[in-house]
Amino acid sequence: MSATVIDGAEIAQQVRAEVARDVEVLQRDRGVVPGLAVVLVGDDPASVSYVRSKERACQEAGIFTETIQLSLDSSQAKVLELVQRLNADARFHGILTQLPFPAQIDEATVIRSLDPAKDVDGLHPFNIGLLAMGQPRFVPATPLGVQQLLLRTGHDPAGSHVVVCGRSNLVGRPLSILLSQKLEGANATVTLCHTGTRDMAGLTRQADILVAAIGRPGVIKADMVKKGAVVIDVGINRIEDAGRRRGYRLVGDVEYEAVSGVAGAITPVPGGVGPMTVAMLLVNTVKAAQLATER
């Protein structure tokens, strides 16, 4: 039996409609238009495309957004100066620094320079600390999107064994913290695997919910998945494909066709986690605006 496909694009559209209603309420009741500033350094095609998708999503939801694009050779001091200006700009309730930065800019330093109350990507140490304490304010968008995919498709992680493959600060680590919380929509037993894990396949085969966030195409094979497991593929990898107009295609970290024959449910790539990441950024931006009106 083939796995049920979890349609992230459809679920993301539901979330975006909910965000639009929240924006209307903020405008009507408090006279506030949520604002998001995006800092883009350079013109990397993938980053530019991603930023444009965020801009479109904001505009559809009624969120004011502005992208400030700096040249590829911009200094760290220039980026920090821009962030400080945005921290003080009341039009913006959220600030997103599009990663990765060029080599001359230290990502951690820039992230620490953000006003934590405007850190809608949830990467500032203060917000990560709140998450670790079980008092989340802004959860990083991709982990939050994964959680919502599970909940909105009837796969509540409570009581399940979740195996997360990948320990990045963007996805794997915060997701493992989020799902292990004693909170609604979490309360799972979480195992975090990484490049130093011995016998990763032995662990992934125990997973009721398996999350692949490694960043390598097709690393999760069918024999690594327990029958009936829910498989969430966070990976987005380009592989060469001479049959495509652009010369490449996008694939995940999971061997989709083979694993679909074993899993109970699975996210596709593209069209799975990606749209949810954008949707949850909007959720965090509206939340930042709501909190700002309460201060």
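The values are calculated or read from the model by the stated rules, or taken from the named source; none is laboratory data. Note that the coordinates shown come from a computational prediction; the quantities given were computed from them, not determined experimentally. With ideal geometry, Cβ positions are generated from the backbone for all residues, glycine too; neighbour counts draw on all protein chains shown. Calculation scope for accessible area: heavy atoms of the full protein, side chains included, ligands and nucleic acids excluded. Shrake-Rupley method; radii C 1.70, N 1.55, O 1.52, S 1.80 Å.
Can you find a residue in the stretch 71-80 that is touching a residue at least 60 places away in the same chain (Cβ under 8 Å) and either on the phi > 0 side of the Ramachandran plot or open to solvent by 20 Å² or more (accessible area, probe 1.4 Å) (or both)?
no
Is there any pair linking a residue in the stretch 271-295 that is under 25 Å from Gly235 (Cβ atoms) and of a type in the set (A, V, I, L, M) to one that is open to solvent by less than 20 Å² (accessible area, probe 1.4 Å) and at pLDDT below 95, with Cβ under 7 Å and at least six apart or on different chains, and which?
What qualifies is Val278/Lys54; Leu281/Lys54.
What's the number of the only condition in (1) open to solvent by 20 Å² or more (accessible area, probe 1.4 Å); (2) within 19 Å of Asp44 (Cα to Cα); (3) part of a helix (DSSP H, G or I); (4) among the aliphatic types (A, V, I, L, M) that Ile68 fails to meet?
The number of the failed condition is (3).
For the stretch 242-295, which positions are closer than 26 Å to Pro140 by Cα, in a helix (DSSP H, G or I) and not hydrophobic (A, V, I, L, M, F, W, C)?
Tyr256, Gly274, Pro275, Thr277, Asn284, Thr285, Lys287, Gln290, Thr293, Glu294
In the stretch 192-235, what count of residues is obtained for those that are open to solvent by less than 50 Å² (accessible area, probe 1.4 Å) and among the hydroxyl-bearing types (Ser, Thr, Tyr)?
Going through the stretch 192-235 one residue at a time, the tally reaches 2.
Would you point out the residue of the stretch 110-141, among those that are within 15 Å of Val38 (Cα to Cα) and charged (D, E, K, R), that is surrounded by the fewest Cβ atoms within 10 Å (Cβ to Cβ)?
Of everything passing the filter in the stretch 110-141, Asp115 is surrounded by the fewest Cβ atoms within 10 Å (Cβ to Cβ).
For a quick check of your reading: which helices (runs of 4 or more DSSP H) sit entirely within the stretch 94-191 and have at least 1 residues that are under 16 Å from the mean Cα position of the chain (by Cα) and under 18 Å from Val230 (Cα atoms)?
Ranges flagged: 141-152, 172-180.
Please count how many residues of the stretch 142-165 are open to solvent by 10 Å² or more (accessible area, probe 1.4 Å) and in contact (Cβ under 8 Å) with a residue 60 or more places away in the chain.
Looking only at that region, the number is 6.
Quick check on this structure: which one of Val219, Val171 is within 19 Å of Gly274 (Cβ to Cβ), in contact (Cβ under 8 Å) with a residue 60 or more places away in the chain and out of contact with any strand residue (DSSP E or B) (no Cβ under 6 Å at 6 or more places or on another chain)?
Among Val219, Val171, only Val171 is within 19 Å of Gly274 (Cβ to Cβ), in contact (Cβ under 8 Å) with a residue 60 or more places away in the chain and out of contact with any strand residue (DSSP E or B) (no Cβ under 6 Å at 6 or more places or on another chain).
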